[in-house]
Amino acid sequence: MIKIPRPGHPVRGSRSGAPVMALFDLIGRRWAMGVLWTLSEIGPATFRDLQDKCETISPAVLNQRLKELQAARLVHKVASGYEVTEIGREIYRHLVPLGATAKVWARHLSDE
């Protein structure tokens with residue numbers, strides 16, 4: 001069984017397991033957000049295509065992240081490979097503005 005952070009259970013940064021903290025624990029894992037983001041951007045992809053798009057990800061890490069994202073129901077397997085689920089797409093849609101804000105923040109830091 002794949003162990004993933006679950007709302008209502010202690011997770012990294014939250015003893016109560018607040019849902020947002022469970023989500024941050026999951027997508028904060030090495031390459032988890034990158035895999036979700038890449039699949040959201042390119043659409044369904046095979047393991048090899050996804051590995052090529054993520055460039056430096058190892059096959060072992062990609063395999064583990066895909067298992068976790070599937071267990072969390074953010075990604076599922078389809079005939080053409082892996083695809084983001086509806087809830088995965090919703091999370092991605094909320095991450096896009098955060099990505100834009102992060103770029104503004106980076107500019108503020110570079111102005112120092």
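One table, with the values for the structure above:
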{"quantity": "Matching residues in segment 7-19 - criterion: being out of contact with any helix residue (DSSP H, G or I) (no Cβ under 6 Å at 6 or more places or on another chain) and either open to solvent by 80 Å² or more (accessible area, probe 1.4 Å) or of a type in the set (Ser, Thr, Tyr) (or both)", "calculated": "HIS9, PRO10, ARG15, SER16, PRO19"}
{"quantity": "Members of segment 55-74 found to be in contact with a helix residue (DSSP H, G or I) (Cβ under 8 Å, 6 or more places away or on another chain) and either among the hydrophobic types (A, V, I, L, M, F, W, C) or open to solvent by 50 Å² or more (accessible area, probe 1.4 Å) (or both), listed by number", "calculated": "ILE57, PRO59, LEU62, ASN63, LEU66, LEU69, ALA72, ARG73, LEU74"}
{"quantity": "Hey, LYS77 farther than 12 Å from TRP37 by Cα and touching a helix residue (DSSP H, G or I) at 6+ places or on another chain (Cβ under 9 Å) or not", "calculated": "yes"}
{"quantity": "Subset of segment 66-80 [of a type in the set (S, T, N, Q) and either outside any loop (DSSP other than H, G, I, E, B) or over 23 Å from GLN51 (Cβ atoms) (or both)]", "calculated": "GLN70"}
{"quantity": "Some residue of segment 19-28 being closer than 18 Å to ARG93 by Cα, among the β-branched types (Val, Ile, Thr), free of Cβ contacts under 8 Å to residues at least 24 places away in the same chain and outside any strand (DSSP E or B)", "calculated": "yes"}
{"quantity": "Filtered residue count, segment 81-112, keeping only those that are surrounded by 11 or more Cβ atoms within 10 Å (Cβ to Cβ), without any contact (Cβ under 8 Å) to a residue 24 or more places away in the chain and either polar (S, T, N, Q) or not in a helix (DSSP H, G or I) (or both)", "calculated": "1"}
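The values are calculated or read from the model by the stated rules, or taken from the named source; none is laboratory data. It should be emphasised that the depicted structure is a prediction, and the values quoted were computed from it without experimental measurement. Positions of Cβ are generated from backbone atoms using ideal geometry, with glycine treated the same way; all protein chains shown enter the neighbour counts. For the accessible areas, the whole protein counts, side chains as well, though only heavy atoms, and no ligand, DNA or RNA atoms are used. Shrake-Rupley method; radii C 1.70, N 1.55, O 1.52, S 1.80 Å.
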